[in-house]
Amino acid sequence: MATLVPPPRSSPEHDDCAQWYARELGWATTGTSPVRLLTGLRFDVLELPAAAGHAALSRVGRTGPAAVAGQRMRLLVAAGSADEVPGLLDWLEWGGIDLDLSAVGTGGHIDAPVPPGWTASSPGAAVWLRPPGPCREAERSLPALGGFGSSGGDAPDLVRLVDAAATECHRVRLAHARNHLWAHQPTGQPLAFS
């Protein structure tokens with residue numbers, strides 16, 4: 001696997017960032033402040049709470065590129081996968097549950113993480129946790145439905161990633177609800193057990 005070595009920068013200008021994505025990865029960008037990566041062309045994105053994303057990454061292991069922006073994580077998946085996610089969630093019996101998990105595909109965009117090795121210009125800016133490899137290698141590493149990936153089945157499994165992401169989103173939601181409940185318990189009141 002080749003590694004990307006961008007020129008050293010302390011604070012990338014927006015134009016430099018857009019040019020880096022176009023030159024190194026062949027990815028389409030839009031806007032100048034912030035630079036956005038267009039989804040649905042070379043990749044789609046699963047977006048979820050960062051806490052759930054970190055847990056899902058530790059469970060799944062092999063995934064494609066991953067970025068974090070503030071309290072949100074973005075997992076890059078094969079182009080066209082966003083259309084499959086609702087059906088996968090239903091099939092995995094997560095349908096109808098508010099998971100705070102969304103898929104961004106054709107016609108969408110995400111803020112471009114600062115290129116690997118560059119310094120983010122503002123707190124909470126999108127940064128790569130698992131940066132993409134060069135050009136076509138990046139697309140070959142994207143999770144896809146078995147047999148449908150551009151790499152001929154060599155890509156990580158989209159079903160496994162979506163299931164792990166849904167599970168961890170649900171755990172984060174339950175933990176938040178439990179913490180909210182405990183925060184509103186009257187103090188000094190004995191718990192009643194039946």
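What follows draws every value from the coordinates through simple rules; no lab data is involved. Note that the coordinates shown come from a computational prediction; the quantities given were computed from them, not determined experimentally. As a convention, Cβ positions derive from the backbone with ideal geometry for all residues, glycine included, and neighbour counts pool all protein chains shown.
What to note about this one:
- Building the convex hull from the alpha-carbon atoms of the stretch 35-77 and averaging its projection over directions returns 3.1 nm².
- Tensor-based shape of the stretch 24-183 (alpha-carbon gyration tensor, a/c under 1.5 rounded, otherwise prolate or oblate): oblate
- Take the Cα of residue 97, step 7 Å toward its Cβ, do the same at residue 176, and the gap between the two points is 1.5 nm.
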